[in-house]
Amino acid sequence: MASVVDSHIFKDIFGTAAMRNLWSDEARTAYYLEWEVALAKVQAKLNIIPQEACDEIVAKAKLENINFDKLKQQTELIGYPVLGVVQQIVSICRDGLGEWCHWGATTQDVTDSATVMAIRDSFDIIEADLDHIMGSIAQLAEDHRLTPMAGRSNLQQAVPISFGFKMARLLATLQRHKERIGEIRKRALTLEFGGAAGTLATLDDSVALKCQAELARELGLAQPEIAWHTERDRIVEVGAFLAMLCGTLSKNATDIKLMMQTEVGEVSEPYIPHRGSSSTMPNKFNPISCVYIHALAATVRQHSAALMDAMVEDHERSTGPWEIGKLLSFV
């Protein structure tokens, strides 16, 4: 087992199939192929590459044509999978037309853009989950607006509040997080396409920025104001947001754990036979969901801090700090 994410036993406790699929080798490679196809279409439209080459690249740049065992070997040799993907496309295109694939681009253009596309699709899942959670919390706030309980300060009973009030505070916080997603989308969902050092030097001045703009439009991403290969604030902001969101969920889980104590007994997790059972004490009903939420949130905060380290990159293309982000997408 590489991690709990890959564990047959633990994977659905620590994640979901939908999110795992978005960050799988297959999905990542599909994003690479989508990027290369979009580039070929745009460059053919702008007469940068022959239309015949575009048609051949579009026809052959498909996931079913990628040999993943070979890609593994290529990646271990090269260090990155993008060139291996391009090499496989080139090898199956007729008459050398595949040589036009990846024209004017660099590996990090594809890698960063694919990460952004995965973030975009991940945000769709997160927003849907948030809507579901917020709907449930809103109902609890309404149903228990007059249900009295003790407000607590320094773990001591303070003054009376209602459980609905407590839920309304959580709802307001999650609403702010949902607003943050919309704000982050505007900055983070941005194309990377700058070529070797970010200047688009391979393309003619008369068409370079037009190609970039059309590629962004084709992929449904924003056009960057300038290359951002070693300016990692977009990715780091996403990580910081996820740490904040998980922090809020962990705070709520902590409150529920405390409110589930035998001496308090104000709330409980949903009862399912054997849920939260003890191997020693049959009288126990452990707050097991809260326990895992707390553990996951701590891990996300640590990963967010690691992403901050990836901001300290050298010059226009770095010696590797950006790989921290790639590593964290697997754990």
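Since every read-out is calculated from the coordinates, none of them should be taken as a lab result. Since the structure is predicted, the reported quantities are computational estimates derived from the model, not experimental observations. Every residue, glycine among them, receives a Cβ derived from its backbone with ideal geometry; neighbour counts consider all protein chains shown.
Observations, loosely collected:
- FRET efficiency, 1/(1 + (r/R0)^6) with R0 25 Å, evaluated for Arg94 and Asn67 via beta carbons: 0.85
- Prolate/oblate/rounded call for the range 1-119, Cα gyration tensor, a/c under 1.5 rounded: prolate
- Cleavage-rule hits, trypsin sites (Lys or Arg not before Pro), the range 251-323, DSSP coil, Cβ neighbours within 10 Å at most 15: Arg275, Lys284
- Residues whose amide H lies under 5 Å from that of Cys93, counting only those 5 or more places away or on a different chain, are Gly98; hydrogens are built 1.01 Å from N in the peptide plane.
- Among Thr254, Thr29, the ranking by other beta carbons within 10 Å of each residue's beta carbon, starting with the fewest, stands as Thr254, Thr29.
- Only Lys, Arg (+1) and Asp, Glu (-1) charged, at Cβ; the chain dipole about Cα centre in debye: 1280 debye
- Each peptide in 11-23, 231-243 gets a packing score, the mean of other Cβ atoms within 10 Å over its residues, and the list from highest to lowest is 231-243, 11-23.
- For the pair Ser7 and Arg169, a Förster radius of 35 Å applied to the C-beta separation gives a FRET efficiency near 0.50, rounded to the nearest 0.05.
- Extension gain from Asn283 to Leu258, taking 0.36 nm per residue of separation minus the Cα-Cα distance: 7.3 nm
- Amide H partners (placed H, <5 Å) of Ala222, local residues excluded: Thr190, Leu191
- Residue with peak Gaussian network fluctuation, the chain [Cα springs, cutoff 10 Å], from His315, His102, His303: His315
- Point-to-point label distance, Glu323-Asn154, nm (Cα→Cβ direction, 7 Å offset): 5.1 nm
- Against the main long axis of the alpha-carbon atoms of the chain, helix 51-60 sits at an angle near 40°.
- Ordering Leu22, Val110, Thr199 by Cα displacement along the dipole of the chain toward the positive end leaves Leu22 in first place; charges were set at the Cβ atoms of Lys, Arg (+1) and Asp, Glu (-1).
- Distant-in-sequence amide contacts of Arg152, defined by a placed amide H-H separation under 5 Å and a gap of 5 or more residues or a different chain, comprise Ala158.
- 0 to 90° range, to nearest 10: angle between helix 288-309 axis and the chain longest Cα axis: 40 degrees
- Gap separating the Cα centres of the range 135-200 and the range 239-254, nearest whole Å: 9 Å
- Estimated inter-spin distance, Asp129 and Arg217, nm [label 7 Å along Cα→Cβ]: 3.5 nm
- This ranking places Trp35, Trp228 by how few other beta-carbon atoms lie within 10 Å of each, fewest first, which gives Trp228, Trp35.
- In the chain, the longest principal axis of the Cα atoms and the axis of helix 233-259 are about 20 degrees apart.
- Taking every DSSP helix (H) stretch of at least 4 residues in the chain, weighting each as -39,500 (n - 2.57) and dividing the sum by the residue count yields a mean residue ellipticity at 222 nm of -19500 deg cm²/dmol.
- Förster-model FRET efficiency, 25 Å R0, Ile78 and Glu26, C-beta, rounded to 0.05: 0.85
- Between the residues Phe10, Ser136, Pro321, the greatest Cα displacement towards the positive end of the dipole of the chain, with unit charges on the Cβ of Lys, Arg, Asp and Glu, is found for Ser136.
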